[in-house]
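Take a look at the structure below.
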């Protein structure tokens, strides 16, 4: 329990550092929030009034304190672009992004784990070489390239799937899935390549270990050795790798949402950055970092629950 | 060093990676000379010319020769990404070594803060930095350097912790050397090898990140023929002329594959016992 408490404190510290980082960076943005809000033609009096209301004349630490204490009460501020509260818009968008990210994670695991194990078992043979060529190519294609190539081939040439757009699952489930396929494929490709390589090398380590040799020597059938001993020990470290990859996944989601016009949190952040909408940039970045920190904590807890040998306290 | 090169040439990844690297190096150095046309010469009659003579990779939406643009564009894509990675790696290596040298509470505080910064996805951190600094190639490279540094600091720290226990470091402390001297002259040279391996793999990642920033309109600006920018500009014409997109995409992929192979080859060459 002490361990869990420490872990939660780490999450809080992470969020504190991220909030300082994000606030500090957006503070030096070369944009006058009052001008952004009222436009270039606003009168000096109106600008002064807005600066007063937003507290732009206050010292930075005081502005940070106001921002943080509002944040802790669930108030993410008001968007400069839409004049609406930022929080609800961001969380609605986050829901869509989590659907995209979750589907990508599941698809990735379904492909990457069997692929990695197969490559390890057939080490040095044609299957292994083919799998490693595919994974080299996979980790070398940025999401915008994969997405564009998929669009050219599947949406444009063969017209199998819609190119861009988003349909809510509650609205039309089939259309919603059809719109999700290409984005999910794009996000998962690079992760499949990375995770399958990790699974392969973990599996090879386990296959070379003494306890596997012992299991084989005492005459266990190969299938049992594989299922009971190899799989379990090889897949444990994969949990950590996948959790760390969530950061990469979130970055990928930003690009993919922009290309496929999915109104998720990544697209919100890009719009916020291009329009210099400070409260939205801050809220988006903090929410993304929180998602990552929570995912990693959950992975750590899962790891301890699955592997009884590990005791952190 | 020559020993490491020999061992690198004994791994298949190393051979392939070095071969690709020499091609890329040639293109970066002599791309302008090799290019059959000027990358900015427009030819409205020859818009969207399909690949084949005289435009081997086709022509783009303004009739510019795609091959020439690729060859010249290598220079605005690869060197900046390499420089960004290695400067970020150097900064990260200093922080990581310092953290390991200080140890105790300082080490704990630095490590936790690095972990916290790493909770912001690289691309997001780079996006925020570029929007703060202003768009452009140099700022994008700076943003990439800054976003590479934390993870390199973490890698370096784990290596430096072992170096910290070595006798020569203890001897330096006993001699009464200053902290700066010990970190820079005693510890850093001894963590360099694994740091270079890690940094080489990150170059692949930096090339992709740089191209992504340009694709999003925040890195290289037109009329540069940076590869990510070429994909972004050609996207509207993917019906008419998919080759304008495919050519720079493959160039980015080839560059990233090159550094991934090279990094893996180096890793194998420097850890001969590890037979993965």
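The values are calculated or read from the model by the stated rules, or taken from the named source; none is laboratory data. Not measured: the values here are computed from a predicted model. Virtual Cβ from ideal backbone geometry, glycine too; neighbours counted across all protein chains shown.
Could you identify the single residue in A:219, A:251, A:266 that is out of contact with any strand residue (DSSP E or B) (no Cβ under 8 Å at 6 or more places or on another chain) and in contact (Cβ under 8 Å) with a residue 24 or more places away in the chain? Spell out the reasoning first.
Working: A:219 fails: in contact (Cβ under 8 Å) with a residue 24 or more places away in the chain; A:251 fails: in contact (Cβ under 8 Å) with a residue 24 or more places away in the chain.
Exactly one residue qualifies, and that residue is A:266.
Among the residues of region A:274-292, which ones are within 11 Å of chain B (Cβ to nearest Cβ), assigned to a helix (DSSP H, G or I) and over 19 Å from residue B:119 (Cα atoms)?
A:274, A:275, A:278 - these are the residues of region A:274-292 that are within 11 Å of chain B (Cβ to nearest Cβ), assigned to a helix (DSSP H, G or I) and over 19 Å from residue B:119 (Cα atoms).
Assess whether residue A:249 counts as being within 22 Å of residue A:165 (Cα to Cα), crowded, with 21+ Cβ neighbours inside 10 Å and within 11 Å of chain B (Cβ to nearest Cβ).
Numbers: within 22 Å of residue A:165 (Cα to Cα): yes; crowded, with 21+ Cβ neighbours inside 10 Å: yes; within 11 Å of chain B (Cβ to nearest Cβ): yes.
So residue A:249 passes the test.
In region A:254-271, which residue that is more than 9 Å from chain B (Cβ to nearest Cβ) and part of a helix (DSSP H, G or I) is nearest to residue B:205 (Cα to Cα)?
So in region A:254-271, the residues more than 9 Å from chain B (Cβ to nearest Cβ) come out as A:256-257, A:260-265, A:267-268, A:271.
Subsequent filtering for residues that are part of a helix (DSSP H, G or I) retains A:256-257, A:260, A:265, A:267-268, A:271.
Working: A:256: 17, A:257: 20, A:260: 22, A:265: 23, A:267: 22, A:268: 24, A:271: 24 Å.
This residue is A:256.
Quick one: which helices (runs of 4 or more DSSP H) lie wholly within region A:39-141 and hold at least 3 residues that are modelled with pLDDT under 80? Can you show your working first?
Working: elements: A:44-54, A:60-72, A:86-121, A:126-139.
By residue number, A:44-54.
Tell me, please, whether a residue that is touching a helix residue (DSSP H, G or I) at 6+ places or on another chain (Cβ under 8 Å), within 14 Å of another protein chain (Cβ to nearest Cβ) and crowded, with 24+ Cβ neighbours inside 10 Å can be found in region A:297-306.
no
Residues of region B:212-228 being more than 11 Å from chain A (Cβ to nearest Cβ) and either touching a residue at least 24 places away in the same chain (Cβ under 8 Å) or farther than 12 Å from residue B:137 by Cα (or both), which ones? Walk me through it before giving the result.
If we filter region B:212-228 for residues that are more than 11 Å from chain A (Cβ to nearest Cβ), which is where we start, we get B:219-226.
B:219, B:220, B:221, B:223, B:224, B:225, B:226 - these are the residues of region B:212-228 that are more than 11 Å from chain A (Cβ to nearest Cβ) and either touching a residue at least 24 places away in the same chain (Cβ under 8 Å) or farther than 12 Å from residue B:137 by Cα (or both).
When you scan region B:114-123, do you find a residue that is modelled with pLDDT of 90 or more and surrounded by fewer than 23 Cβ atoms within 10 Å (Cβ to Cβ), even just one?
There is at least one residue in region B:114-123 that is modelled with pLDDT of 90 or more and surrounded by fewer than 23 Cβ atoms within 10 Å (Cβ to Cβ).
Which of the residues that make up region A:149-163 are in contact with a helix residue (DSSP H, G or I) (Cβ under 8 Å, 6 or more places away or on another chain) and either loosely packed, with under 14 Cβ neighbours inside 10 Å or part of a helix (DSSP H, G or I) (or both)?
First, the residues of region A:149-163 that are in contact with a helix residue (DSSP H, G or I) (Cβ under 8 Å, 6 or more places away or on another chain): A:149-152, A:154-155, A:160-163.
The answer is A:149, A:150, A:151, A:152, A:154, A:155, A:160.
State yes or no: is residue B:71 more than 30 Å from residue B:227 (Cβ to Cβ) and crowded, with 19+ Cβ neighbours inside 10 Å? Before you say what the answer is, go through the steps one by one.
On the way: more than 30 Å from residue B:227 (Cβ to Cβ): no; crowded, with 19+ Cβ neighbours inside 10 Å: yes.
Spelling it out, it is not the case that residue B:71 is more than 30 Å from residue B:227 (Cβ to Cβ) and crowded, with 19+ Cβ neighbours inside 10 Å.
Quick one: in region B:242-260, of everything that is facing chain A (nearest Cβ under 7 Å), buried (at least 23 other Cβ atoms within 10 Å of the Cβ) and over 13 Å from the mean Cα position of the chain (by Cα), which residue is modelled with the highest pLDDT?
B:249
Given (1) away from chain B (no Cβ under 14 Å); (2) more than 25 Å from residue B:265 (Cβ to Cβ), where does residue A:115 come up short, assuming only one miss?
Single failed check for residue A:115: (2).
Let's see how each residue does on (1) surrounded by 16 or more Cβ atoms within 10 Å (Cβ to Cβ); (2) over 17 Å from the mean Cα position of the chain (by Cα); (3) part of a loop (DSSP other than H, G, I, E, B):
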| site | (1), (2), (3) |
| --- | --- |
| A:168 | no, yes, yes |
| A:174 | no, yes, no |
| A:189 | yes, no, no |
| A:193 | yes, no, no |
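With respect to residue B:234, is the statement that it is touching a helix residue (DSSP H, G or I) at 6+ places or on another chain (Cβ under 7 Å), closer than 27 Å to residue A:252 by Cβ, away from every other protein chain (no Cβ under 14 Å) and in contact (Cβ under 8 Å) with a residue 60 or more places away in the chain true? Can you show your working first?
Values: touching a helix residue (DSSP H, G or I) at 6+ places or on another chain (Cβ under 7 Å): yes; closer than 27 Å to residue A:252 by Cβ: yes; away from every other protein chain (no Cβ under 14 Å): no; in contact (Cβ under 8 Å) with a residue 60 or more places away in the chain: yes.
Taking the combined requirement at face value, the residue does not satisfy it.
Taking residue B:217 as meeting all but one of (1) over 17 Å from the mean Cα position of the chain (by Cα); (2) closer than 25 Å to residue B:19 by Cα, write down the number of the exception.
Condition (2) is where residue B:217 drops out.
Just wondering, is there one or more residues in region B:189-204 that are at the interface with chain A (Cβ under 9 Å from one of its Cβ atoms) and either closer than 21 Å to residue B:148 by Cα or without any contact (Cβ under 8 Å) to a residue 24 or more places away in the chain (or both)?
yes
Only one of A:153, A:174, A:145 is under 30 Å from residue A:92 (Cβ atoms), within 14 Å of chain B (Cβ to nearest Cβ) and either free of Cβ contacts under 8 Å to residues at least 24 places away in the same chain or in contact with a strand residue (DSSP E or B) (Cβ under 6 Å, 6 or more places away or on another chain) (or both); which? Don't jump to the end; show me each part of the working.
Values: A:153 fails: under 30 Å from residue A:92 (Cβ atoms); A:174 fails: within 14 Å of chain B (Cβ to nearest Cβ).
When all the criteria are applied, what remains is A:145.
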